[in-house]
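Take a look at the structure below.
The values are calculated or read from the model by the stated rules, or taken from the named source; none is laboratory data. In this text, all values refer to a predicted model and were calculated from it rather than measured experimentally. No Cβ is skipped: glycine too gets one built from the backbone with ideal geometry, and neighbour counts run over all protein chains shown. Calculation scope for accessible area: heavy atoms of the full protein, side chains included, ligands and nucleic acids excluded. Shrake-Rupley method; radii C 1.70, N 1.55, O 1.52, S 1.80 Å.
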Amino acid sequence: MRQFLLFVLLLTSIFGHSQNSFPESWIGNWKGELEIIAPASGAVQANFPMEIKIGTTEKAGEWSWTIIYNHKDVRNYLLRVKDKSRGLYEIDELNKIVLDLAVFGNTTVSSFEVDKMRIVDFHELKDGKMHFSLISYDESKANLSGSGTAEIPTVKSNVVTAMQRAVLEREK
């Protein structure tokens, strides 16, 4: 019984730490190269510098989240906690657009649609680096299959048409 309790305490400390470390352990300036990936071949079609700057603000439960593309396209956002215990946050683009963001341990996931284009992005802290990836597809070009019955429901699938990725390192 004692070993079981120690095991539970160990798991609680491990999972509790990873859950509670966002966004505090992410604070800093992250730099790397964003790659635009070609469909089928996986070749890099284009690449350019990308930065993510995460910092504190004067308001509790709020952090600055700035993305800079190619040293000149600066996007200033705010990250706000909605329900930390459930890993729910939001990115406020400061222009009436607010995106939901979910945390799964050391990974954030956001999914949103702009003019029928669905975008899903991931940020993951792994081995001291931030791994960013993004996919997008046209919602209006979904393929439907199945029967639409309780036994065989209708399934909607989409062809991913764009992919981006970056590995960002924290500045010292």
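Take SER133 and decide whether it is surrounded by 10 or more Cβ atoms within 10 Å (Cβ to Cβ) and touching a Phe, Trp or Tyr at 6+ places or on another chain (Cβ under 6 Å).
Yes, satisfied.
Among the residues of segment 56-72, count how many are open to solvent by less than 60 Å² (accessible area, probe 1.4 Å) and more than 19 Å from SER110 (Cβ to Cβ).
1
If I ask for residues that are acidic (Asp, Glu) and open to solvent by 80 Å² or more (accessible area, probe 1.4 Å), which ones from segment 86-101 would you list?
Once the filter is applied, which keeps residues that are acidic (Asp, Glu) and open to solvent by 80 Å² or more (accessible area, probe 1.4 Å), segment 86-101 yields only ASP100.
Could you list all residues from segment 103-128 that are open to solvent by less than 40 Å² (accessible area, probe 1.4 Å) and of a type in the set (Ser, Thr, Tyr)?
Correct list: THR107, THR108, SER110.
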